[in-house]
Amino acid sequence: MKVKDDFNDIEKSKSIHIERSSIVEEIPSNEENYSTRSNNDLFKKIASALFYGSASMMIMFSNKIVLTKYNFASFQALAIGQISISIFLLELFCQFGLIKLSKFDTRTATNMFPLSIFYFGNIYFGLGGTKLINLPMFTVLRRFSILMTMYGEILLLKIKKPISIQLSVYMMIFGTIIAALNDISFNLVGYIYTMINNIFTAGNGILTKKKIDNKKLNEYDLMYYNSLLSLLPMVILSIITNEYEKINSYDRWFDSSFLFFFFLSCLMGLILNYSWMLCTKYNSPLTTAVIGCLKNILVTYFGMFIGGDYRFSNLNFIGLTIR
């Protein structure tokens, strides 16, 4: 009996040793998996931010060229073009199995309606502001969207921001005020449009983040519903404001260079929305707003030569440079 008990004790000690060894072996494996996930998350954050920054810069230039250089009279028609192309391409990609879209549902559309209002306002007032004021001042005034997004995250998403980040945002706003005080080509309506655009941008970012985090709809669904729910109001508004006459009387419809930039702007509408969704998904609304401001460093200085509507002054240039 004693020999049997000794044998059992030896077997137990072996099993305990094996279990301990397996636990020790699992620890490095878990650490490697965690490290891999962290690296993947970091890559997605950086890649989505660069994608959004590039797309945002390209559409800003193409919009400005269409609306100012070629003096296209109807920014609403350009908005309708961007929305229509987005719906068409999303449907096309879905038919070819490149993306998945949820089946249209009235309940989902009702839940999406508040977000679609912000999406509609973001496009409408963004294009209106782009047309009415020079590109450097437009990009600088857009800094206010960072301030609004920061307060929106604090109040609605309950995300606290360090004092250092808040001070950086306030410094940007200070530079904006200096530039605005000496804007020779000041346009009151353009300023109002851009400030309203900032409100819709902040609301759009915060609501989109909440929708994505709920994981009921993917980014393609959000883009699709936003476009569908925005198209009809944009068309109705264009009819009310008699945009058809502006479009019909425009004399450069057969200009190949104008058509190139017009359709480029329409296509970039979809690309911008997709990149913006990804950046908001993998980062935060405030990060997305800051990325937009960082890319505006290039847009501000290049924009002095694009569109032909910037008027230089020393104080204005100093305000543009403070960020």
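Out of region 135-170, which residues are open to solvent by 30 Å² or more (accessible area, probe 1.4 Å) and among the small types (G, A, S)?
Of everything in region 135-170, those that are open to solvent by 30 Å² or more (accessible area, probe 1.4 Å) and among the small types (G, A, S) turn out to be S164, S168.
Out of the residues in region 88-129 that are in contact with a Ser or Thr (Cβ under 9 Å, 6 or more places away or on another chain) and over 30 Å from L188 (Cα atoms), which is surrounded by the most Cβ atoms within 10 Å (Cβ to Cβ)?
Across region 88-129, the extreme among qualifying residues is L90.
Given the conditions (1) under 25 Å from S84 (Cβ atoms); (2) under 18 Å from the mean Cα position of the chain (by Cα); (3) open to solvent by less than 30 Å² (accessible area, probe 1.4 Å); (4) not hydrophobic (A, V, I, L, M, F, W, C), report the number of the one that Y220 does not fulfil.
Unmet for Y220, out of (1) under 25 Å from S84 (Cβ atoms); (2) under 18 Å from the mean Cα position of the chain (by Cα); (3) open to solvent by less than 30 Å² (accessible area, probe 1.4 Å); (4) not hydrophobic (A, V, I, L, M, F, W, C): (3).
Which of the numbered conditions does L132 fail, given that it passes all the others? Conditions: (1) open to solvent by 50 Å² or more (accessible area, probe 1.4 Å); (2) farther than 19 Å from I291 by Cα; (3) at pLDDT 90 or above.
Among (1) open to solvent by 50 Å² or more (accessible area, probe 1.4 Å); (2) farther than 19 Å from I291 by Cα; (3) at pLDDT 90 or above, L132 violates only (3).
Show the residue pairs meeting these rules: Cβ distance below 9 Å; 6+ apart or different chains; first residue within region 233-260 and open to solvent by 70 Å² or more (accessible area, probe 1.4 Å); second residue of a type in the set (S, T, Y).
Final answer for the pair search is Y244/S74; Y244/S238; K246/S74; R252/Y70.
With open to solvent by less than 30 Å² (accessible area, probe 1.4 Å), under 17 Å from I271 (Cα atoms) and not small (G, A, S) as the only criterion, which of I65, I59, I80, I85 stands out?
I59
For region 193-202, name all the residues that are β-branched (V, I, T) and either touching a His at 6+ places or on another chain (Cβ under 8 Å) or buried (at least 18 other Cβ atoms within 10 Å of the Cβ) (or both).
T194, T201
Let me confirm something: among G205, G190, which residue is closer than 21 Å to L78 by Cβ, surrounded by 12 or more Cβ atoms within 10 Å (Cβ to Cβ), at pLDDT below 90 and not acidic (D, E)?
G190
Do we find that S265 is hydroxyl-bearing (S, T, Y) and either at pLDDT 90 or above or surrounded by fewer than 14 Cβ atoms within 10 Å (Cβ to Cβ) (or both) in this structure?
On the way: hydroxyl-bearing (S, T, Y): yes; either at pLDDT 90 or above or surrounded by fewer than 14 Cβ atoms within 10 Å (Cβ to Cβ) (or both): yes.
Yes.
Among the candidates I291, I306, single out the residue that is within 19 Å of V140 (Cα to Cα), open to solvent by less than 70 Å² (accessible area, probe 1.4 Å), in a helix (DSSP H, G or I) and at pLDDT below 90.
Details: I306 fails: in a helix (DSSP H, G or I).
When all the criteria are applied, what remains is I291.
Check off (1) hydrophobic (A, V, I, L, M, F, W, C); (2) buried (at least 22 other Cβ atoms within 10 Å of the Cβ); (3) more than 17 Å from the chain's Cα centre (by Cα) for A180 and give me the number that stays unchecked.
Result: A180 passes all but (2).
Taking region 266-283, which residues are under 12 Å from A55 (Cβ atoms) and not in a helix (DSSP H, G or I)?
none
The values are calculated or read from the model by the stated rules, or taken from the named source; none is laboratory data. Remember, it's a predicted structure, so these values are computed and weren't measured experimentally. In this analysis, Cβ positions are derived from the backbone assuming ideal geometry, glycine residues included, and neighbour counts consider all displayed protein chains. Heavy atoms of the whole protein, side chains included, go into the accessibility calculation; ligands, DNA and RNA do not. Shrake-Rupley method; radii C 1.70, N 1.55, O 1.52, S 1.80 Å.
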